[in-house]
Every structure is written in structure tokens, then in C-alpha cells.
1. Just one of Thr10, Thr94, Thr100 is open to solvent by 20 Å² or more (accessible area, probe 1.4 Å) and either among the hydroxyl-bearing types (Ser, Thr, Tyr) or more than 11 Å from the ligand (Cβ to nearest atom) (or both); which is it?
2. Does region 123-138 include one or more residues that are assigned to a helix (DSSP H, G or I), modelled with pLDDT of 95 or more and of a type in the set (A, V, I, L, M, F, W, C)?
3. Report, by residue number, each residue of region 264-284 that is in a loop (DSSP other than H, G, I, E, B) and surrounded by fewer than 16 Cβ atoms within 10 Å (Cβ to Cβ).
4. Taking region 49-77, which residues are within 15 Å of the ligand (Cβ to nearest atom), exposed (fewer than 15 other Cβ atoms within 10 Å of the Cβ) and over 25 Å from Trp109 (Cβ atoms)?
5. How many residues are among the charged types (D, E, K, R), in contact (Cβ under 8 Å) with a residue 40 or more places away in the chain and more than 20 Å from Gly119 (Cβ to Cβ) if we restrict to region 134-177?
6. When you look at Lys80, is it near the ligand (Cβ under 10 Å from one of its atoms) and of a type outside the set (A, V, I, L, M), yes or no?
7. So Leu28 fits all but one of (1) open to solvent by less than 50 Å² (accessible area, probe 1.4 Å); (2) away from the ligand (no atom under 15 Å from the Cβ); (3) in a loop (DSSP other than H, G, I, E, B); what number is the exception?
8. Give the residue, chosen from Gly194, Gly202, that is assigned by TED's automatic domain parsing to the domain that holds Ala276 and in a loop (DSSP other than H, G, I, E, B).
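The values are calculated or read from the model by the stated rules, or taken from the named source; none is laboratory data. Source: prediction; values computed, not measured. For neighbour counting, all protein chains shown are included, and Cβ atoms are generated from backbone atoms with ideal geometry for every residue, glycine included. Calculation scope for accessible area: heavy atoms of the full protein, side chains included, ligands and nucleic acids excluded. Shrake-Rupley method; radii C 1.70, N 1.55, O 1.52, S 1.80 Å.
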Amino acid sequence: MSDHTKLNKTVSVIGLGSMGSGIAHTFLDAGCQVSVWNRSREKIDSLVSSGASACNGPEDAIKANTHVVVCLTDYSAWKKIIEEHDLQGHFEGTCIIQLTTGTIEEVQWHSSFIEEHGGRVADGAVMCYPRDLGTDAGSLLMAGPPNVLQECDPLLRVLAPTWTNLGEDIKKPTILSRALMVDVGLSLIGTVNGVAIAREGGISLDAFLQHTNNVGAILPAEKARLIEAIRNGDTEKTQASINSWGEGQKAVHSVAKSLGTNLVLQNAVQTVFEEAEQMGLGKQDLSALFNVFTPAQ
Ligand SMILES: NC(=O)c1ccc[n+]([C@@H]2O[C@H](COP(=O)([O-])OP(=O)(O)OC[C@H]3O[C@@H](n4cnc5c(N)ncnc54)[C@H](OP(=O)(O)O)[C@@H]3O)[C@@H](O)[C@H]2O)c1
């Protein structure tokens, strides 16, 4: 471990679900002194057996250390904890590293609330599984005032050695993480839908796996091409137009219908292509679908 990560060795963690306990274990493995609190006691006990100190309430976790990582299901859980434990008077001088997934409005509310009560906030989104924390695969998107991010840096590096600083705008990790969730999430949902269609049609999962890997090999280059076309406003040139992609998707719809698989995803995709056609984008490149998703001026 670098000297940098040893600069701040004490931290509290509130919320010990899959991610919160992964965070606490990663800090412990890195030699930090970790105080923990969770609503259900058994998760505290499990961390204590790994070397953490137990807190009797969230107020004790806040008192125990200047830096407090919060990682709960959602912001309503955090709001409930603040209300039930009357925490608003406890944030003076505390730096909350908020890693709970929320909405833009919740993230903004939280930052103002903590600052009004004398605390500081670094807000972030975890972009990896708990098992990846503390390794090069650990991924954290963070935002907050520069001085706050700087003071949190030694702790953030323990979780994700190359954490990303998105600047001062507190809502940026929420926006980027959700945008990436659409990208990766829809692709994986598509994989599951594709497996259902293949299996219903008597195709072996091994054949599907082999061919999805072959077909998917184009994805990194294709994504980069789409992004460049959108960046340059150059969506006219194409190897396969929106019309041609739309016909392909109609064929998927037809095959799925014949096999009797659920058409919910095909119907949604068809709507996207119908809107593109109505906007006169049919002859353009797939990158021109950007216009379907961008808010109307
Ligand atoms: N798991 C992942 O791979 C992953 C990846 C990226 C981001 N995240 C984000 O990390 C956050 C935590 O996810 P997770 O996977 O750790 O969830 P989880 O395993 O379901 O844990 C949820 C945590 O929230 C607590 N909680 C929920 N409602 C509460 C309430 N009303 N009062 C007090 N505590 C409450 C739970 O306490 P109890 O133990 O008492 O129920 C538990 O500590 C989420 O925002 C998630 O989006 C997770």
C-alpha cells in the first residue's frame, strides 16, 4: 500500500448490506480502523469478528470518526435513519462519503442538508461489485468540493485505486452511473431475452454463448464509432441505416412472437424505431437515434 493510503486510517461505515460490508472489509484489509453501524445487529457482529468496532447507533458512528461512509438501499432509508435517530445535530465537522444510489433531487437535497448542519459531503456511485473493491477493477465515480474530495482521497483510493473525480457538481456521479446503467443494463437484459428466444427455438445455450461472444466482439469499436458520430454531428454516413436496423428488429419481434416469448422488450424497441421513422431519420446511421432520446427543443 502506498503512503498516501495511510494518511487517513479511521473511518465509519453506516449500512452493512452487500456493498457496505464489502466497503468495511476493504478498509479493514487495508489496515484502517473501522467503526460500523447497521440496522440489523447480526451484520455488525460479523464485521466485529473481522476487527471492526461496533457502534450502538448511527450517532456513535458519526461521533467515532470525521469520515463516515453511508451505503444503504436508498436515500429514504438514510432519511429515515436521520429522523429516527435525530441525527441533524450530529453532522458538525463530519465528512459524509455518500455511496447510496439516489435520484438527482435526493443527492442535491442531501448535500445541502448536511452542509446546512455543518458537515461536508462527497457523493459517489459505486460502479463495481463488492468483490472488486480494493483491486484495480474497483470503480468509484465521485463529486464534491475540491477540498472535500482531496481530504477523502486516501480513503477513496483504498476502495478504488483509480477513482474518478467528476468535479464539483454533486449530481454528476448519479447521472453518469445511470447513463452507464442504461448502456450495460440493457445489453445484459438483451442477453437474457436472447437466451429465452434461442432456448424456446431449440438452440443450445452453448451455441448462443459462442455466437454472442463472436457477434459481441464488434461492440467496443462500434460504441466508439457511435459516440464519435454523435460528437461530430455526423450521422448521415452509414453501413446499416436505421431502416435496416428497424427491419432487423421487426424480424426479431416476429420470431419471438412465433415462439411465444414475452414481447415486452421487442415492443419497446419497435416504438423507438417508429419514432425515428416519424422524425425522418430512417436513412441515417444508428447514431441518429440520439435525436429520438434528446429532449425536444
Ligand atoms: N451490491 C452491489 O453490487 C452494488 C453495486 C453498485 C452499487 N450498489 C449500491 O449500494 C447501495 C447498497 O446496496 P447493497 O447491495 O449493499 O444493498 P443491500 O445488501 O440490500 O443492503 C441494504 C442496506 O440498507 C439498509 N437499510 C435498508 N433500509 C433501511 C432502513 N429503513 N433503515 C436502516 N437501514 C436500512 C440495510 O439494513 P439491514 O441489514 O438492517 O436490512 C442494509 O444495510 C445501493 O444504493 C446500491 O444501489 C450496490
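1. Details: Thr94 fails: open to solvent by 20 Å² or more (accessible area, probe 1.4 Å); Thr100 fails: open to solvent by 20 Å² or more (accessible area, probe 1.4 Å).
Answer to the check: Thr10.
2. If we filter region 123-138 for residues that are assigned to a helix (DSSP H, G or I), which is where we start, we get 130-132.
Still in the running and modelled with pLDDT of 95 or more: 130-132.
Keeping just the survivors that are of a type in the set (A, V, I, L, M, F, W, C) gives none.
No; the residues of region 123-138 include none that is assigned to a helix (DSSP H, G or I), modelled with pLDDT of 95 or more and of a type in the set (A, V, I, L, M, F, W, C).
3. Within region 264-284, the first condition is being in a loop (DSSP other than H, G, I, E, B), and the residues that meet it are 279-284.
Within region 264-284, Met279, Gly280, Lys283 qualify.
4. Asn56
5. Looking only at region 134-177, we keep the residues that are among the charged types (D, E, K, R), and these are 136, 151, 153, 157, 168-169, 171-172.
From the residues that got through so far, the ones that are in contact (Cβ under 8 Å) with a residue 40 or more places away in the chain too are 151, 153, 157, 171.
Checking the rest, the ones that are also more than 20 Å from Gly119 (Cβ to Cβ) come to 157.
Total satisfying the criteria: 1.
6. Here the answer is yes, as Lys80 does meet what is asked.
7. It is condition (3) that Leu28 fails.
8. Details: Gly194 fails: in a loop (DSSP other than H, G, I, E, B).
Only one candidate qualifies: Gly202.
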